[in-house]
Structures are given as C-alpha cells and as structure tokens.
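Just so it is clear, none of the values below were taken in a lab; they were calculated from the coordinates. Worth saying up front: this structure is predicted, and the values here are computed from it rather than measured. Backbone-built Cβ (ideal geometry, glycine too); neighbour counts: all protein chains shown.
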Amino acid sequence: MYPFKDDDCDYARGQWYVAAWSDEVSRTPLERWILGEPVVLYRTETGLPVALDGRCPHRNFPMSKGVLRGDDLECGYHGITFAPDGTCVRIPSQAAIPSGCKLRAYPLIEKWKLLWIWTGEPDKADPALIPDHEEIRLEKEGWLATQGFTVMLNSRYQLLNENLMDISHLSYLHAGTIGTQAVAGTDVQIIDGPRFLRGTRRISNDSITGFFAEVLGYNGNIDREVLIDYYAPGLHVAWEIFMKPGTIGTLDTLGTDGNPNVLGMYRVHHMVTPATRDKTNYFIAYSRTFARDDTSVTDTMTSVFTSVIMQDVEASEAIEQLLAKREAAPTELLLRADGHSVRGRRKLEALMQQERAQA
Amino acid sequence: MYPFKDDDCDYARGQWYVAAWSDEVSRTPLERWILGEPVVLYRTETGLPVALDGRCPHRNFPMSKGVLRGDDLECGYHGITFAPDGTCVRIPSQAAIPSGCKLRAYPLIEKWKLLWIWTGEPDKADPALIPDHEEIRLEKEGWLATQGFTVMLNSRYQLLNENLMDISHLSYLHAGTIGTQAVAGTDVQIIDGPRFLRGTRRISNDSITGFFAEVLGYNGNIDREVLIDYYAPGLHVAWEIFMKPGTIGTLDTLGTDGNPNVLGMYRVHHMVTPATRDKTNYFIAYSRTFARDDTSVTDTMTSVFTSVIMQDVEASEAIEQLLAKREAAPTELLLRADGHSVRGRRKLEALMQQERAQA
Amino acid sequence: MYPFKDDDCDYARGQWYVAAWSDEVSRTPLERWILGEPVVLYRTETGLPVALDGRCPHRNFPMSKGVLRGDDLECGYHGITFAPDGTCVRIPSQAAIPSGCKLRAYPLIEKWKLLWIWTGEPDKADPALIPDHEEIRLEKEGWLATQGFTVMLNSRYQLLNENLMDISHLSYLHAGTIGTQAVAGTDVQIIDGPRFLRGTRRISNDSITGFFAEVLGYNGNIDREVLIDYYAPGLHVAWEIFMKPGTIGTLDTLGTDGNPNVLGMYRVHHMVTPATRDKTNYFIAYSRTFARDDTSVTDTMTSVFTSVIMQDVEASEAIEQLLAKREAAPTELLLRADGHSVRGRRKLEALMQQERAQA
C-alpha cells in the first residue's frame, strides 16, 4: 500500500500503539478500530483496563454492544460471555465450551493517561518496548503533561507519520501559524536507532515570538534546538529547547533538564494508530517545563498547536482524497528533505518485513 | 457469499418471494429491487398487478420512471412500450420490433394483502409452491390478520433469515422486550420437510404476562407452545399457543383451532426478500385469534413486535457494517443452538445448488 | 467501459475539451477533474490562462491548494514552485532540481468565453482541431452568444454524449417541454466527416409556438430545420432554423445567415468533458440571431433550455445509478434510431483506437 513499496505492507503488528485515553475507557464498552480490526475496551470492577477482539466469534456481532457482568463481557446477541483474558466463561445455550470459542485478548498497559495496546503475538508483548514515559517527558519531575485531543483522521496513517517527520513543510503548510524559514532552512542532524529516529536542528541567535518571550520572561535573542523524535511504529515527539544565546553546542540534549542556561522546553506528543486502510486514530498530548501553574498558558499553547495539527490533518486528508479519486496508480518524487521521513518509513517497513519473516 | 459456504451462492432464484404489499402497487409504477435486479410493479386498468423488469433493454433507463398507457408501460426515455406480459407493443421510432425487445415479466400472484413474485423461469412458476395462506393463518376463519410494516434492511438477507430461526438470542438481544429464559432454555423439537422447517418449544405451567392475561381473560399459570416455521426461501412464521395448564402434550398443533383448552394464539409473519447483496426487503404481518374486534389490542401488539423487530434489524445491520469494515474474511463459530438456523441455511443452499444443477 | 465495446476504452486523450469558462479562472487556483486526473487552472499576472497537473509530483498534494507567486504556482505543502510551463523553478529545501520534478502542462487556448484544454501529447496540440468558433456561431456577426451554466453530472460522459445525439427521446423525456412528435417523426439526414457528424431534420409547414411567434414577429405556419452537430470528442451544437413556408429544400444550410426567408436561428452548445469514470463536466452556451437586444428573450430561452437540459441530466444519472446498483453486467438493445448516436460512439471509439495504435 502506498507509500510503502510492497503492496502487501499494511500494518506493523508486533508493536505497541496507543489505543485510547485512560478516561475514554470505563464500565461502558467502547469500540475502537485498530489495524483493520474492531477492538472493544472496558474496565473491570477494580478498574483494570481490558482490550478484547470487538467481534464475537460466534456470529460477528460487535462486542461493544454487549453488557458487562462483573468483569466479564456478555455478547448482546446470544449472551456468550468472555472473561478479561478472552476465555469464554459461559454459553447460555450449552454447557460445553468449544475450544475455538474465545476472544483474542490484547495486552494492554496503562501509563500516564494512555492505554498502550500490543497488536502482535501476546507472548511477545514486552512492556520495555513502550517508549519510556520519563524519557518522553509525559511523566517527569519538572514537567507538566496535559492531555490534548483526538482526531479520527480520514487518511492512511503513513501520510501522517511522514508529515510529522518532515520539517520542510513548516514554512508552507503552516505559513500562518508556526512556519518559520529558520527551521526549514537549518541543517538537520540525524540520530538513528533500531526503533528510534531523531532529527535535530540547532539555531543560534534567533528571535523569539512575543508569546514565548512573555511566558519565559526573557527578551532578546535566543538559541533554539528543535527536535522531532520518532519512536516506531507510531509515536512522534516534537520538541523545542529555548536557551540563552551562546548556549547551543555547549549543551548535550540529555543535560537540558534543570540547566540554568535553558529558559524552557515543551514537547508535543503525536500518537498515530492505524484504524483501517484509510482511517487513523490520532491522539495528541503536550508537556512543558515553564509556567506550569498558569492554565492560560496551557490554553494558548493548545490553541496554537490545534491550529497547526488541523493543517496537518487537512493535508493528509486532501492527499488521501486525491489518491482515491485519481484513476492512475500513485507515484511520488522523493527529495533530499524527504530523507528523514523516508528513513522513518524504511524503519517501519523493516519492522513489517521482520514480522513476516518470523511468521 | 458469507454465511453460505460457496462464494458464488447469492440468491435462490426459482422461488416465490413477497414483492410488495397490495396497497403499494397502483397506477403509479413502483420500483423495487429484488435479487439484484430492479423490478417495476403496477396495476392494469382492471386492477391486475404486473411485475416487469425495471430496466428498459434499450438504454438501461429505469422503467419505474415510465408512464402507463392503458395497461401498457411506456418507457420515459424513448417511449418504447411494453404490455403486461413484457412483449413490446410499440417502438415510436420504428415499425419493426426486434425479437430481443421485451421485458422479463415476472409471474405475480396476489393473495391476501401480499404480492408474491416468482424469480425463476416463468414456466416453472407453480402457485402451489406459495405457502398456503390458510395454513399460515393469513386467511382463515377465526383469525384476524393485519398488515404490519416494511423495513429496507441494510444487510444481506441471510443474516436476518438466521436471526429469525434462532431462539437462543431472545433472552439477550430482546432482554428488554420479549426475552424470557423459559423459551431459550427449553429444548427444541424440529419438524423437517423439503422446503419447510419447524422448531417447536413446549413449556408447561409457565406464568403469563399481564398484557396477555388481560386480553385472554385468564389469570393463573398456563401451558405455552412457541413455534417458528420456516417456509423456504423467505417466509418465517413465529407463533405462540396459550393453553390451559395440563393441555400441552395432549394436543396436536394441527388441532388447536377451536379447541376449548386453547386460550388464544397469535402469529407474526416475517417475509424476507433479497434486494441486493447487502440490502433486503423485509415485510411484517400479524394474525391472532383473540380480541379480534379490539383495535387497541392490535395497537399494543404492533407496538411490542415493532420494538422486537427493530432490535433484529439493528443486529443484522451491525453485523453487516462490521463485516464490511473489517479487512479480514468473515468467519463464524457454530454452536449447538445454531443447529436450527443452519439447518434452514442448508435447505436454502440445497435449493440454490439444485437450481444450478438444472441450469 | 459500457457503452464502449472495449472495457479498456475510457477516454479519447489526444483531443481538445472545454476545461472551464473564462470567468471561472482567475488568480485563485481552481481544481477541475479532467479524464481521471486533477487539473489546476489559474491566470498569470498578465491574464494568460494556465492549466497544470493538479497533483504535486512530490507528495500528491493538490496543487489547487497552492499559492501564486507572480506567474508561478507554489505547492501549499512544501513550497515547490512551478512555472506556467510546468518546469520547477524552486525547491525550497534544495538547490538542485531533479529532472522528474515538473508538472504536466496542458496546452490551453482561450476562445470566446471558453478555455479549451488539450489532453494528449503537447506537441500534437493543433489549435486547428478546436471547432471553429465562427462556424459554431459563438463568435459571428449577426449572432448573440451567451454563457449558460455548468453541471457536475454524476454519470459517465458517454451516456450524455449519446443522449445529445439522440432526437428520438424528445417526445418522451421532454414531453412537458420541447418534445414534439414532428421532430422525432421526421427522417434524419446524416452528414458525416472524420471528426464531425450532423443529423438534420427538415419539417415543412409546421406550427410555431407562441413564444417563437412573438420573438420572430411572425404568425402562421413555418418551415423548420432542426440540426444536431457533433464535433468529436465533446461538443454538440443543437440548432434550429425558422423559415418562411416553402423555403425548406431551396436553401442550403450554409446560406442561412442573412437570408430574407430565414426568420431566425438559435443554437445550444453542449460541451461535454469527462471528469472521472462516473462524473462529467457539462458546460452549456447559447447563441441566436433574433431579438439580440432583448434580455428578456435571453431569460426565457435560458429558462426553457435549463428545464430540458436538467431532464437529460436526470436521465443520464438515473441510468448511471441503475448500472451501479445492478449486479449483472450492462447490456443494451440498439434500435434504428440509435444509428445516429452509435455512429457518434464509433467515431469516438475510432479516435481512442487510433490513439492507442500510435502509443
């Protein structure tokens, strides 16, 4: 499937994705489409989150229309009841439970305000593969992390993934919001790991916008580092470090927390989970080091980032619509600035190929 | 096509189906989709109902947009005119009528308030294959039959057919309406014929609901027999016999009419006609032996059954939507309680295979 | 694709089509789908019209969402900028411009109020192949030509093309408007050229409607000639000559302008441009010799022709919907009266086959 080379490439399955916000999942079953399958999400009486196949194996009825009986989920059609581990505990019309009568149970881990789902073989679900929440600054001393919003994106997920790794569109798609020539024009340094890709841009002696000048309490020029971290398959952390001039280059990114030359930092967390071949669940969170008690700063940042993100959403959907309506097969022309996002694409393709080789 | 095994199985064609209510068909042509084809229905000047191919063979224009000229139907595009038997009687632009210029005429029989259409070879249209209207109690002394309503169901017809033969969903899908553990928990007896399938459940000494106690004028426990009769391909008659306690087992179902130990009976007639691969025409009628002069009883029963039927409609549509959105091929897991509906499915599949063997 | 024999026949590409009205194209980029592809239309600073591929080759973003920089169009996603000839003049993120980075530029010619686009190989774009605007009376002394309206037709273009060449539907589809038995009942004379097809009908001593009697200032019977000229691939000119009785047959069609026996003439220009396989851009213009200063005559004629044209639109869309919903493959039954439109179809098929042979 475009933009992957291989037409059979659809989803990387042996992976952790964000399934939902914690507060979306309750004692009322919720249906969410993930990797082409319906998933039903709910909580046990003690509050543990559960993710099961959203389709009753008996007659294909949506399990999200079922009823909770204690910790178990009873299908709304024939009352077949499944435990949180997916085993069938009751078939009202018969005593014997056939071995095939069970729901796939998805490993699910709650961290901060997120529910991470493992869409591969359950016994391979290693929680250590979930991006470290301290490292990504969703749970770290000195940072305020806030829940953003959710978009049901009407495009294939990879259009969004590549948009997020692509700085070169800032000055154009986001001309009216965050687009600055400074970022797009600065060379990117790439840091590459097996499941990780960082692009970092260091800008010396740049001006600061009025809003940030005010919340950082700093006038005059600054140094800035702008980073985009991709944790395959579906997390992108876009972040920025504001520094006193002359600091950049003297400071390792790892040493920025608590450093007196750092004026402030914020991160935007983009969590991209394929729904179906042309729909995507897109979750957004924020964190920042500055003005943590000032909710008006939260409001202003939310407002700015929402505008920017909705431009990315509209771009991905415009491309999806063009691809769907156009009668010729999709093509593309890669430029040097695509090196970063295509490197991310290759990383995801490698994960898919590796999975297929193991299957 | 799921749930049939054979992917080429779509419709049983050499069969009678309900095409419409009598009062839907008039001197204004009506289009109805049946077995993947448009059909146009109208009446001659003397009131005889006519069913013709709803597509002009000339240029594929819908015949339902045509105009009646006496008993003949004139195409609204070029005026080609067809008699009720489908022969072309006029081509305005030429005198000679090519032999291929005709409309398929569907044998159509009006019985009670129903129009039955034969969708196979016309010369095989044996009216004796239409379920006997006295036997199904749409036209029988001592019974009041009332026309119900029509649903354009957004699912493949076989999901509904199997829903209707399946008692085991009563306590769950219809929990708030007619669901009782008594029915689902009672063993079914099957009576099987070449085109007929009956499931009957006999319940002794059961309680009676307030509504039926009142209309039957009977307090105290009763015996009940609950039956579902399938007349392949598309009629299901669900019915119930209320009896004085101790009667059940002493009484043959055939001898219930006029028997003093029978307190009352009602039937719900479900008529299922495939429209296209994912749409179904669904007609509902009722008949009953009790309170036949009391229109408020009609209203109450209509209201109860409408709620129940709409739950079945929503279930079939929820499954169709899930099947359409899901990217994997449909599967199912049959249980013992599916024996009844799957026996009905096999009966329909046998009709399709038989037709194909003869073709 | 039906109604063409060959399923691979979709569009005649080496042709001129109407892309837009002159006044639709401005300094704001406009997207129009033509032959299954998005096209972006705009004007340079000096007002020259430009038609480019509406899809950025880089990432499939719609060029119509771009911004004009002088005469060049900058993609709204990454700022890649193209000149009116389609060459890339700037990639913000790199200095070198890959040879594949260009937009297809469509030859575009503005005549009267129309923009004609060439959808084949640019070097074969011979302006002489555009129907002569004097010959079709859009630009001729003694005629008033007026811009009509545009319909985004929800059907394949060939249904409309054949509707327009088919006089035999007048008395039926247009029964309430222009349908007269006189036209459909009169023999057609065909004049045939390599890219041209005329059907002409000559009617002697016919009555005249009140409206035309009034605007022509003539009471009593008239002679009429009714013509439909097809200029392949997509222009149809339907026209009518009103003459004093006894004139017909004595007068060559070419000699009608300025002839004292001719009471008046009008033409309706139907311009049919395929958008996608099931959508069509349909442009309508009018011209007339009579009452050229009386705008109320324009209004009345517009009102009458709009009604007629919308009946053709509804017919084409009704057929498209039936074809899409019906599960069997489309068939048709050609009659003698189809000779004219099928001759036009063959002409278009021949153009397609010729193009394929040359490719």
Let me know the mean shielding of B:262-272 by other chains, meaning the per-residue number of their Cβ atoms within 10 Å of its Cβ.
-> 0
Percentage of Cα-Cα pair distances in the protein assembly as shown greater than 50 Å, rounded to whole percent?
-> 44
Least to most buried among B:D166, B:D53, B:D312 (fewest other Cβ within 10 Å first) = B:D53, B:D312, B:D166
Given charges at Cβ of Lys, Arg, Asp, Glu: the stretch A:232-305 dipole, positive-most of A:M243, A:V297, A:N281 = A:N281
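When only DSSP loop residues count, what trypsin sites (Lys or Arg not before Pro) in the stretch B:1-71 have their Cβ near at most 11 other Cβ atoms within 10 Å? Let's see the in-between values first.
On the way: sites: B:K5, B:R13, B:R27, B:R32, B:R43, B:R55, B:R59, B:K65, B:R69; in loops: B:K5, B:R13, B:R27, B:R59.
Hits after loop and neighbour filter: B:K5, B:R27.
Mind checking the mean number of beta-carbon atoms from other chains within 10 Å of the Cβ atoms in A:49-58?
Numbers: counts 0, 0, 0, 0, 0, 2, 7, 4, 3, 7.
Counting Cβ atoms of other protein chains within 10 Å of each residue's Cβ and averaging gives 2.
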Computed about the Cα centre, the charge dipole of the stretch B:144-358 from +1 Lys/Arg and -1 Asp/Glu charges at the Cβ has a magnitude in debye, to the nearest 20, of 480
What's the angle, to the nearest 10 degrees (0 to 90), between helix C:295-325's Cα axis and the longest principal axis of chain C?
-> 70
Centroid-to-centroid separation of the stretch B:147-174 and the stretch A:38-56 [C-alpha atoms, Å] | 27
Pick from A:A125, A:A329, A:A291: which is most flexible by mean-square fluctuation in a GNM of chain A where alpha carbon atoms under 10 Å apart are linked?
-> A:A329
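Hey, with R₀ at 41 Å, roughly what FRET efficiency would C:S26 and A:F211 work out to, going by the Cβ-Cβ distance, to 0.05?
Numbers: r = 36 Å, r/R0 = 0.88.
Result of the calculation: an efficiency of 0.70.
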Taking each pair of different alpha-carbon atoms in the stretch B:144-358 once, compute 1/r for the pair, average those values, and report the inverse of that mean as the Kirkwood hydrodynamic radius in Å to one decimal.
-> 18.4
Sorting A:S93, A:S296, B:S287 on the 10 Å Cβ count, fewest up front, what's the list?
-> A:S296, A:S93, B:S287
Residue of chain A whose Cβ sits closest to the axis mapping A onto B, with distance in whole Å = A:A324, 10
Assigning unit charges at the beta carbon (Lys, Arg +1; Asp, Glu -1) and nothing else, what dipole magnitude in debye, to the nearest 20, does chain A show about its Cα centre?
-> 600
Could you state the angle between the C-alpha long axis of helix A:339-358 and the longest principal axis of the C-alpha atoms of chain A, as a value from 0 to 90 degrees rounded to the nearest 10?
-> 20
Between C:T253 and the same site in the other copies, what are the distances in nm, shortest first, taking label points 7 Å from Cα along the C-beta direction?
-> 7.4, 7.4
Aspartates and glutamates with Cα under 19 Å of B:K140, excluding same-chain neighbours fewer than 8 positions away | B:E110, B:D132, B:D229, B:E240, B:D252, B:D257, B:D293, B:D294
Whole-Å distance, taken between Cα centres, linking the stretch A:275-332 and the stretch B:273-316 | 47
Which distance in nm do the two modelled labels at A:I190 and A:D299 give, with both placed 7 Å along the Cα-to-Cβ direction?
-> 4.3
Quick one: label points 7 angstrom along Cα→Cβ at C:R336, distances to the other copies in nm, smallest first?
-> 7.4, 7.4
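How big is the charge dipole of the protein assembly as shown about its Cα centre, in debye rounded to the nearest 20, if each Lys and Arg gets +1 on its Cβ and each Asp and Glu gets -1 on its Cβ? Write out the running numbers ahead of the final one.
On the way: 111 positive and 144 negative charges, 158 e Å.
My answer is approximately 760 debye.
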Over all Cα pairs of chain A, how is the pair count split among 20 Å bins, expressed in % and running from 0 up to the last occupied bin?
-> 27, 53, 18, 1
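Tell me, what does the Kirkwood hydrodynamic radius of the stretch B:67-132 come to in angstroms if you use every pair of distinct C-alpha atoms? Can you show the working numbers first?
Working: mean 1/r = 0.0733 Å⁻¹.
Evaluated on the stretch B:67-132, it is 13.6 Å.
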Counting partner chain Cβ atoms within 10 Å of every residue's Cβ in C:326-335, what's the average?
-> 6
Inter-copy separations for A:M152, label at 7 Å along Cα-Cβ, nm, ascending = 2.3, 2.3
Rg over Rh, two decimals, the stretch A:27-69 (C-alpha only, Kirkwood Rh) = 0.97
Using helices alone, what [θ] at 222 nm do you get for chain A, with -39,500 (n - 2.57) per DSSP H run of 4 or more residues, divided over all residues and rounded to the nearest 500?
-> -6500 deg cm²/dmol
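Output the peptides B:139-149, A:110-120 sorted from most to least packed, where packing is the average of other Cβ atoms within 10 Å over each peptide's residues. Mind showing how you got there, number by number?
On the way: B:139-149: 15.6, A:110-120: 20.6.
Result, highest mean Cβ count within 10 Å first: A:110-120, B:139-149.
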Sequence-distant lysines (8 or more away, or on other chains) whose Cα lies within less than 21 Å of B:K124 | B:K102, B:K111, B:K347
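Please order B:H270, C:H133 by the number of other Cβ within 10 Å, starting at the fewest.
Starting with the residue having the fewest Cβ neighbours, the order is C:H133, B:H270.
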